[in-house]
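What follows is a set of notes on a single structure, which appears directly below.
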Amino acid sequence: MILVDEFRDRDVALRIARVIGAEARPERSYAFMEFCGGHTHAIFRYAIEDLLPANIRMVHGPGCPVCVLPIGRIDAAIALAGQPGVTLCTYGDVLRVPGSHRRSLLKAKAEGADIRVVYSPMDAVKLAQASPDRQVVFLAVGFETTTPPTAVVVLEAERLGLANFSVFCNHVLTPPAIAAILDSPEAQGGALRLDGIIGPAHVSAVTGSRAFARFPRDYGQPVVITGFEPLDVLQAILMLVRQANAGRGEIENQFTRGVTEDGNRHAQGLMARVFESRETFAWRGLGQLPASGIRLRPEFAAWDAERRFSLPEPEAEPPTACRCGAILRGLARPADCRLFGTGCTPDNPIGACMVSSEGACAAEWAYGRARHRGKETA
Amino acid sequence: MCLGLPMIVVELRPGDVALAEYEGVRKEVSVALLAGDVAVGDFVLVHVGFALSKIDPERARETLALLAEIAGLEAR
């Protein structure tokens, strides 16, 4: 397949890695954060860190929307699914995310709640049309990639006058999360040092690379908007090494095949029409972040599950040995958590980072363990 | 959910829908986000059943040529 296989060429990857090794200065180290869970997954899957010199370290960021969904929102979704007549639809990744008391939507489904996995939000609209006696609620999660599709289905529900469809909106925005990392006491105090950011290609296809221009401008952080194939990631790391070596802090676009400065203006317009900013939204691991989440505008109240159903107030999050919070902020690695691979596995996750395939713990579990074993015995 | 795929449009259908293909698998996707700017043969980036943007194969070739140059290889 053009556009995929060519960007996985092993020979080219090894050669680019050698160029990175030659250009990285031995007298210093480099720490680059990949924000997006898609990159975390690619870095583990293709063992990219093993190709890099020892003084380049990848720090995994909070860009997995399933992982950052707070316990309170999962509890609310479970309560919603338990209401009579409700069919809850969502993406498959969300089902195993633990809420409080290790409850999940998957367990609620096993206990009889009507919970369906959909590939596309449009499937939820079709289900509502086909089941007029059910209240179909779409549990919407994700960054700026899944938000425009949700906007389209809300407008479609309005057009169809669909009275038995609503959206439980948990969409969040990428730039405020990056700002939260860079503003964190750890980043300000030097405990988390970053020399550059791998920016998300698909989010930028919607927002435009412009949405990330403030990070070079306000923080002096180099940003490279990067595709998700291994050659994309390696090229971006080389671009970041070159920026760091030259003392530059600029926004560069590695994914020119799909990202422009402006992004998809039509999609941006639909998002602005349907959604408005929340004053604040809770992120697992990051806490409350101002203007980081969105909700349906009041004129779409008829399709807003938060206005149509009474939802429980979120409980305080209980103390736990799970280190997802530190992992999502780039302060710890999965192997630093004592639950990793013992109490917490993809089959029985305690922390959300173990749930989604884009979570750092799940990626480490799937691809990293054999590597570490190999090193120990080597 | 977050994994997007580049698919090629093989047929346009009524109602902002296109039939798109990836590695021999064909699926209906919504092209409502492309505001009509889509044709058969276009590559589109698909997330959760929606084409988010078009992928420019010319730009992809330029990137591959640059990668080959960095790698010290002749462009293929």
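No lab work stands behind these numbers, since they all come straight from the coordinates. Since this is a predicted model, take the numbers as computed values, not measurements. Here the Cβ is made from the backbone with ideal geometry for all residues, glycine too, and neighbour counts use every protein chain on show.
Work out how much length B:Lys27 to B:Glu62 would gain on full extension: take 0.36 nm times their residue separation and subtract the Cα-Cα distance, in nm to one decimal.
9.7 nm
For A:Glu250, what residues show an amide H to amide H distance below 5 Å, using hydrogens built from the backbone and excluding near sequence neighbours?
A:Val223
Starting from the Cα of A:Lys109, draw a straight line to each of the aspartates and glutamates and keep only those under 18 Å, dropping any in the same chain fewer than 8 residues away.
Partners found: A:Asp75, A:Asp93, A:Asp347.
Work out the mean other chain Cβ neighbour count within 10 Å for the residues of A:173-180 and drop it here as an integer.
What the average comes to for A:173-180 is 0.
Among B:Leu19, A:Leu69, which comes first, then next, by fewest other beta-carbon atoms within 10 Å?
With the fewest neighbours first, B:Leu19, A:Leu69 line up as B:Leu19, A:Leu69.
Mind jotting down the distance between the C-alpha centroids of the range A:201-280 and the range B:3-25, whole Å?
Rounded to whole Å, the Cα centres lie 25 Å apart.
What is the fewest-to-most order of A:Thr40, A:Thr256 by other Cβ atoms lying within 10 Å of their Cβ?
If I rank by nearby Cβ atoms, fewest first, I get A:Thr256, A:Thr40.
Would you list the membrane-span-like helices of chain A, meaning whole DSSP H runs whose alpha-carbon atoms span at least 18 Å along their axis and whose mean Kyte-Doolittle value is at least 0.5?
TM-like helix candidates: A:147-160, A:230-246.
List A:Thr145, A:Thr342, B:Thr63, A:Thr280 from most exposed to least, where exposure is judged by having the fewest other Cβ atoms within 10 Å.
By the 10 Å Cβ count, ascending, the order reads A:Thr342, A:Thr280, B:Thr63, A:Thr145.
In whole Å, how far is the Cα centre of the range A:1-47 from that of the range A:297-354?
Centre-to-centre (Cα) distance: 29 Å.
Based on the Cα atoms of the protein assembly as shown, what semi-axes does the equivalent ellipsoid have, where each is the square root of 5 times one gyration tensor eigenvalue, given in whole Å with the largest first?
35, 27, 20
Can you list the residues, at least 5 places off or on another chain, whose amide H is less than 5 Å from the amide H of A:Cys89, using H built in the peptide plane?
Here the answer is A:Arg116, A:Val137, A:Phe138, A:Leu139, since their amide H atoms fall under 5 Å of that of A:Cys89.
Can you compute the charge dipole magnitude of the protein assembly as shown about its Cα centre, using +1 on each Lys and Arg Cβ and -1 on each Asp and Glu Cβ, nothing else charged? Give it in debye, rounded to the nearest 20.
Roughly 860 debye, rounded to the nearest 20.
Sum -39500 (n - 2.57) across every DSSP H segment of at least 4 residues in chain A, then divide by the residue count to get the 222 nm mean residue ellipticity, nearest 500.
Theoretical 222 nm ellipticity from helices: -10500 deg cm²/dmol.
To check you understand DSSP bridge types, tell me what percent of the beta bridges within chain A (both residues inside) are antiparallel, rounded to 5.
20
Using only alpha carbon pairs under 8 Å that are at least six residues apart, calculate the relative contact order of chain A and give it in whole percent.
22
Below 8 Å between Cα atoms, with a sequence gap of 6+, how large is the relative contact order for the range A:324-367 in percent?
Taking the mean separation of contacting Cα pairs over the length of the range A:324-367, I get 30 percent.
How far is helix B:57-70 tilted, in degrees, relative to the longest principal axis of the Cα atoms in chain B, given as a value from 0 to 90 rounded to the nearest 10?
So the helix axis and the longest Cα principal axis differ by about 20 degrees.
In µm²/s, what is D for the range B:5-70 at 10 °C and 1.306 mPa s, where D = kT/(6 pi eta Rh) by Stokes-Einstein and Rh is the Kirkwood radius from Cα pairs?
Answer, rounded: 129 µm²/s.
How high is the relative contact order of the range A:243-308? Use alpha-carbon pairs under 8 Å, at least six apart in sequence, and give a whole percent.
Here the relative contact order equals 20 percent.
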